[in-house]
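A short write-up of the structure that comes next.
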Amino acid sequence: MDKSEKDTEQRILEAAIKEFSLKGFDGARTASIAAEAGVTHAMLHYYFRTKEKLFECVFKDKMQYVLDMVLVPIVRAEGSIKERICKGIEAHFDFLMANKDLPLFVFTTLHSRPEMFREAVNGLAPVFREQLKEVQCECDKAHEAGEIGRVDVPMLLCDIACLNVFPFLASPMMMVVAGYPQERYGEFMEMRKRETVETILKRIQ
């Protein structure tokens, strides 16, 4: 696939996230996705064939990117285990800032089409489990060296996901309650990112 085709595919994927997030899987229309991406309806079907296949590709593309961005650096990046975990948290949060529609997309699809969601997750599961083993090994070594407390990696990732994702689902309500005007959204979210990092560092002491 050349660069032009890759760019077209990426535009379709990004348009699909918006459409699925706003309307759910059943309400989403491939014609609307094609229009948002600036391609013909026929071209969209050339790349992805069906709406189900488009959903699967969107989900796998984004989830694989998140796994590679958060888990792989913990094993292979430079620095202490704490520094690497912090970098993973920050990278995940920054990714969500650049893809604000993604959390809602995942949650709406999880509830409206759980069987399709499970099928997409199953496709990533073998690689994900291998990455989890590597990260657990790194954390176990760091624990034995006295750098951190004992860490159950799946539980740690659940903590990170909850702390990072929830603000993107609830930020409109949270900002009103906290008294932040909309123009301070970026500042508010940066505060949330720092809070997550500090919370997780305390968690792994």
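Each value in this text was obtained by applying a stated rule to the coordinates, not by laboratory testing. Quantities reported herein were computed from a predicted structural model and do not represent experimental measurements. Note: ideal-geometry Cβ built from the backbone for every residue, glycine included; neighbour counts use all protein chains shown.
Putting +1 on Lys and Arg Cβ atoms and -1 on Asp and Glu Cβ atoms, find which of Phe117, Ala16, Ala28 reaches farthest to the positive end of the dipole of region 4-140. Of Phe117, Ala16, Ala28, it is Ala28. About its Cα centre, region 1-100 has a charge dipole of approximately 160 debye under the convention of +1 per Lys or Arg Cβ and -1 per Asp or Glu Cβ, with nothing else charged. For the chain, a crude dipole built from +1 on the beta carbon of Lys and Arg and -1 on the beta carbon of Asp and Glu, taken about the Cα centre, is about 300 debye to the nearest 20. Here the residues Lys87, Lys53, Lys3, ranked from fewest to most Cβ neighbours within 10 Å of their Cβ, fall in the order Lys3, Lys53, Lys87.
For region 49-205, the square roots of the Cα gyration tensor eigenvalues, ordered a ≥ b ≥ c, give a/c of at least 1.5 with a/b no greater than b/c, which places it in the oblate category. Across region 106-114, coupling constants 3J(HN,Hα) worked out from phi with the 6.51/-1.76/1.60 Karplus curve, θ = phi - 60°, read 5, 5, 5, 6, 4, 7, 8, 9, x Hz, and Gly and Pro carry x.
When the chain is treated as a Gaussian network with alpha carbon springs shorter than 10 Å, the biggest mean-square fluctuation among Leu104, Leu163, Leu22 belongs to Leu22.
Rounded to the nearest 20, the Cβ-based charge dipole of region 59-138 about its Cα centre (Lys and Arg +1, Asp and Glu -1) stands at 140 debye. By the count of other C-beta atoms within 10 Å, a proxy for reagent exposure, Lys62, Lys6 are ordered fewest to most as Lys6, Lys62.
Return His45, His111, His92 ranked ascending by Cβ neighbour count within 10 Å, so the fewest neighbours appear first. Before the final figure, lay out each step's value.
Numbers: His45 15, His111 10, His92 23.
Ranked by crowding around the Cβ, least crowded first: His111, His45, His92.
Given an 8 Å cut-off on Cα distances and at least 6 residues of separation, report the relative contact order of region 42-165 as a percent. Each step should come with its number before you reach the end.
Values: 73 pairs, mean separation 35.4, N = 124.
Relative contact order here is 29 percent.
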